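Here is the structure we will look at.
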Amino acid sequence: MSAMRMKILVLPGDGIGPEVAAQAVRVLRVIGRRFGHVIDCAEAPIGGAAIRLTGSPLPEGTKRLAQDADATLLGAVGCPEFDAYPPARRPERGLLELRSLMGVYANLRPVRAVPSLLNASPLKPDIVSGTDLIVVRELTAGLYYGKPHGIFGRGAETRAVDTMTYTRGEIERVARVAFDLALARRQHVTSVDKANVLENSQLWRHVVTEVAREYPAVTLTHLYVDNCAMQLIIRPTQFDVLLTENLFGDILSDEAAVLAGSIGMLPSASLGDVRPSGVRTGLYEPVHGSAPDIAGRNVANPLGAIGSVAAMFDFGFGLKDEAIAIEQAVEGVIARGIATADIAGDSRPATTTEVGDAVCAALEASHARVVDRPAARAVV
Ligand code: IPM
Ligand code: MG
């Protein structure tokens, strides 16, 4: 393993986005110093912040920087100020366009029950204990992008149209991401669809079954989406890799997120193809939204954003030691009870910055141990 030079684009966005992104950047810088990577960070506007500045939720400058960067870290998008705007001009459109532009078709959302946080879960501890799953959500097709879409006609005949379409290729490539992940985990893929009703799901099931033949070591189970929503709260431990299309994945990943105690904890990685440089195209963001109700108060949980930095090193750059260092620092901080209000229980809640301080300090403190490890010696 050798030291790398990396260009990272940071898109703080709206609401709590800038607060959590700031902590993620601090962690990024500590990791850079500790492992000897040269990290160039640029920042650009997206979402409501970009609309205010330029009139567009994804300005040209942001697009150029995202295409040029080795990886992009996002805070969150969305603010109530633009709620009355049509979908095409809302902050969220900036994120949807960015995903499409970057070609990040596989969205990975890992959910793991942390023993010290079992009581923060809305489910009984004995149900949630042992949960370790990853949602693989198709991210650049389906209802979110199908054409035609719009509102047509007038009066009682006014008609809203959204179109769900999938091609074989779009299903195959995301299915391969899920099966590859399963190989390195517990070798089980659950594919979620609505094949009893939708043509899209018929094709989905057919193609996923075909891809599964390339992975004889992996067991494939099909589940209807309504049943899956129920199974997630009845017995979440039955899932390893949960593969599904865009809208189902949006909904199920929020549901799965609360199993871990708080949606504020969860990172995500949106991945495209591997580039000639060997780096996988990726957009990394916490699963939570912009939470305007708590924005600007230094109370948001930064762990989803910090975990997204770990995901960036792991999935984007293939640098596992860096990812593990961050994850261990985060686990240590949680175990010591340094937690924002969403997971603090009855103890005094820490602020966003205090949690960031604690993670950075834990990373710095473990430095001495890491330099002794052979894998890390080459880079420090
Ligand atoms: C998510 C969010 C987005 C989505 C919104 C903000 C457009 O809910 O990343 O899950 O629907 O994909
Ligand atoms: Mg969502």
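Of all aspartates and glutamates in the structure, the ones whose alpha carbon falls short of 19 Å from that of LYS147, not counting any fewer than 8 places away in one chain, are GLU92, GLU97, GLU138, ASP162, GLU170, GLU199, GLU245.
The slack in the chain from THR353 to LEU53, taken as 0.36 nm per residue of separation less the alpha-carbon distance, amounts to 105.3 nm. For LEU243, the amide hydrogen comes within under 5 Å of the amide hydrogens of VAL136, THR190, SER191, VAL192, counting only partners 5 or more places away or on other chains and with H modelled in the peptide plane.
Taking label points 7 Å from Cα along the Cα-to-Cβ direction, TYR224 and GLU199 give a separation of 2.1 nm. Just from its helices, what would the mean residue ellipticity at 222 nm be for the chain, if runs of 4 or more DSSP H residues each count -39500 (n - 2.57) and the sum is divided by every residue, rounded to the nearest 500 deg cm²/dmol? After summing the helix terms and dividing by the residues of the chain, the value is -12500 deg cm²/dmol. Extension gain, THR167 to LEU247, is 27.2 nm, computed as 0.36 nm per intervening residue step minus the present C-alpha separation. Highest mean packing comes first when the peptides 81-89, 269-277, 355-363 are listed by Cβ atoms within 10 Å, giving 355-363, 269-277, 81-89.
Computed over the chain with a Gaussian network model linking Cα atoms closer than 10 Å, the most mobile of VAL225, VAL211, VAL161 is VAL161.
Taking label positions 7 Å along the Cα-Cβ direction at both LYS124 and ARG176, the computed distance is 4.4 nm, reported to one decimal.
Can you return the lysines within cross-link range of LYS7? Criterion is Cα-Cα under 24 Å, with same-chain partners fewer than 8 residues away left out. Hits, sequence-local ones excluded: LYS63, LYS320. Computed from the Cβ-Cβ distance with R0 of 22 Å, the FRET efficiency linking ARG89 to GLU60 stands at 0.85. Highest average first, the peptides 177-190, 334-347 ordered by how many other beta carbon atoms sit within 10 Å of their residues are 177-190, 334-347.
Highest mean packing comes first when the peptides 251-259, 305-313, 213-221, 116-124 are listed by Cβ atoms within 10 Å, giving 305-313, 251-259, 116-124, 213-221. Considering only ARG99, ARG280, ARG297, give the residue with the highest GNM mean-square fluctuation for the chain, with springs between Cα atoms whenever their separation is below 10 Å. Top of the fluctuation ranking is ARG297.
Taking a sphere under 11 Å around the Cβ of LEU303 and counting the other residues whose Cβ falls inside, with K and R at +1 and D and E at -1, yields a net charge of -3.
Taken together, the values in this text are just the output of simple stated rules run on the coordinates, not laboratory data. Keep in mind that what you see is a predicted model, and the values were worked out from it rather than measured. Neighbour counts are summed over all protein chains in view; Cβ atoms, including those assigned to glycine, are modelled from backbone coordinates with ideal geometry.
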